[in-house]
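The values are calculated or read from the model by the stated rules, or taken from the named source; none is laboratory data. Keep in mind the model is a prediction, meaning the values are calculated, not measured. Glycine also receives a Cβ, built like all others from the backbone with ideal geometry; neighbour counts cover every protein chain displayed.
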């Protein structure tokens, strides 16, 4: 049941409305803000003063009013006032980045992940990478930068209170990574959020597609193959996580109930046909190479495929049929207008997409308008970090009042 909004909730929403408009359309005058937001001039004046006081907005010169009246003072986003830190946790390494409120990346770094199966050393290594990032961006001219949030992107289901319910790739179950990282960071550090890494990639690819085409699809699905198969659903610009944090886990859609056993405990999951290890096995290649060196295994499969080896081609044909079955289920349930393929799916789309489209063709005569558009990713391996950074920035746009006043100690 919704609760009535108090005056502070209304103020926060109005601050967010004004800040978002300035970020998207600035520099702009207060009169333009009033016309665009529907807020009265007195409210715009007070809200702009608060945003200026917190350093999120600044006055950026004058513009002619087009009449004899006084020139209008323009407002623009002060992007460098706030920064977000993101860390992607992978089975073998950590990747980190920092960006300002405009999304401009100001730092990137990586480190090999030692003892990946134990979450406590991982948390300490994350804290070390974050400290490295903050020290690298703490230049003398940026002494008033506010670090808004640390976003940790992990492979696994994330449920309420940022708890990692399960991560097959990391071997974790019921882990409070946010609490472990907070304990390893200095007291008073920024808030910490834990999110699913594939959801962040989906979030980033959704916005990249909207930016390129000028139109945001209402419903959007993203699938990618890496160490496993992940993905995400975006509806009306919002990531859908479901009731248990499992929405968008396309790799574990069962496409054959009597199929191969899966690490999740089920049978016939999509990953057992289209995961890299499954593809190598189906192609007659050594599956042990996948465990020893996944990147070398992928490169070997790719080389053989492009050289015309029938084994990898047959494996992808079977994988494409499984993918088509999974996408049919996704299409019937979530009805995405756009499906974006990432990772190995993007690299091998020339072999996968024709089979998927042939599978869809059978129902095209009956329901010609419900077939999703298939395309490949725009951001590649950086999608998760880009999405996590954007997620951190969104927390500021959603609640500008979370940024302290420049005069506040």
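At a glance:
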read-out	value
Residue selected from the range 187-208 under the condition surrounded by fewer than 23 Cβ atoms within 10 Å (Cβ to Cβ) and in contact (Cβ under 8 Å) with a residue 12 or more places away in the chain, by the criterion farthest from residue 389 (Cα to Cα)	189
Count of residues meeting criterion [out of contact with any strand residue (DSSP E or B) (no Cβ under 9 Å at 6 or more places or on another chain) and either modelled with pLDDT of 95 or more or outside the structural domain of residue 148 (by TED's automatic domain parsing) (or both)] in the range 68-98	2
Some residue of the range 107-118 being modelled with pLDDT of 95 or more and surrounded by 16 or more Cβ atoms within 10 Å (Cβ to Cβ)	yes
Residue in the range 342-357 that is within 24 Å of residue 221 (Cβ to Cβ), at pLDDT 90 or above, out of contact with any helix residue (DSSP H, G or I) (no Cβ under 6 Å at 6 or more places or on another chain) and exposed (fewer than 13 other Cβ atoms within 10 Å of the Cβ) present	yes
Criterion violated by residue 222 - all others in (1) part of a helix (DSSP H, G or I); (2) touching a helix residue (DSSP H, G or I) at 6+ places or on another chain (Cβ under 6 Å) satisfied	(1)
Lone qualifier among 322, 315 - being crowded, with 18+ Cβ neighbours inside 10 Å and either under 30 Å from residue 87 (Cα atoms) or without any contact (Cβ under 8 Å) to a residue 40 or more places away in the chain (or both)	315
Residues of the range 253-311 classified as in contact (Cβ under 8 Å) with a residue 40 or more places away in the chain and either part of a loop (DSSP other than H, G, I, E, B) or in the same structural domain as residue 169 (by TED's automatic domain parsing) (or both), total	7
Test: residue in the range 162-183 that is in a strand (DSSP E or B), under 14 Å from the mean Cα position of the chain (by Cα), surrounded by 19 or more Cβ atoms within 10 Å (Cβ to Cβ) and not assigned by TED's automatic domain parsing to the domain that holds residue 263	no
Failed item, numbered, when residue 246 is tested on (1) assigned by TED's automatic domain parsing to the domain that holds residue 335; (2) in a helix (DSSP H, G or I); (3) touching a strand residue (DSSP E or B) at 6+ places or on another chain (Cβ under 6 Å)	(2)
Count of residues meeting criterion [out of contact with any strand residue (DSSP E or B) (no Cβ under 8 Å at 6 or more places or on another chain) and within 26 Å of residue 299 (Cα to Cα)] in the range 205-236	2
Some residue of the range 122-138 being in the same structural domain as residue 99 (by TED's automatic domain parsing), within 20 Å of residue 228 (Cα to Cα) and touching a residue at least 60 places away in the same chain (Cβ under 8 Å)	no
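Here's the yes/no breakdown for (1) modelled with pLDDT of 95 or more; (2) surrounded by fewer than 18 Cβ atoms within 10 Å (Cβ to Cβ):
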position: 5; (1), (2): no, yes
position: 8; (1), (2): no, yes
position: 12; (1), (2): no, yes
position: 19; (1), (2): yes, no
position: 25; (1), (2): no, yes
position: 28; (1), (2): no, no
position: 32; (1), (2): no, no
position: 37; (1), (2): no, yes
position: 42; (1), (2): no, yes
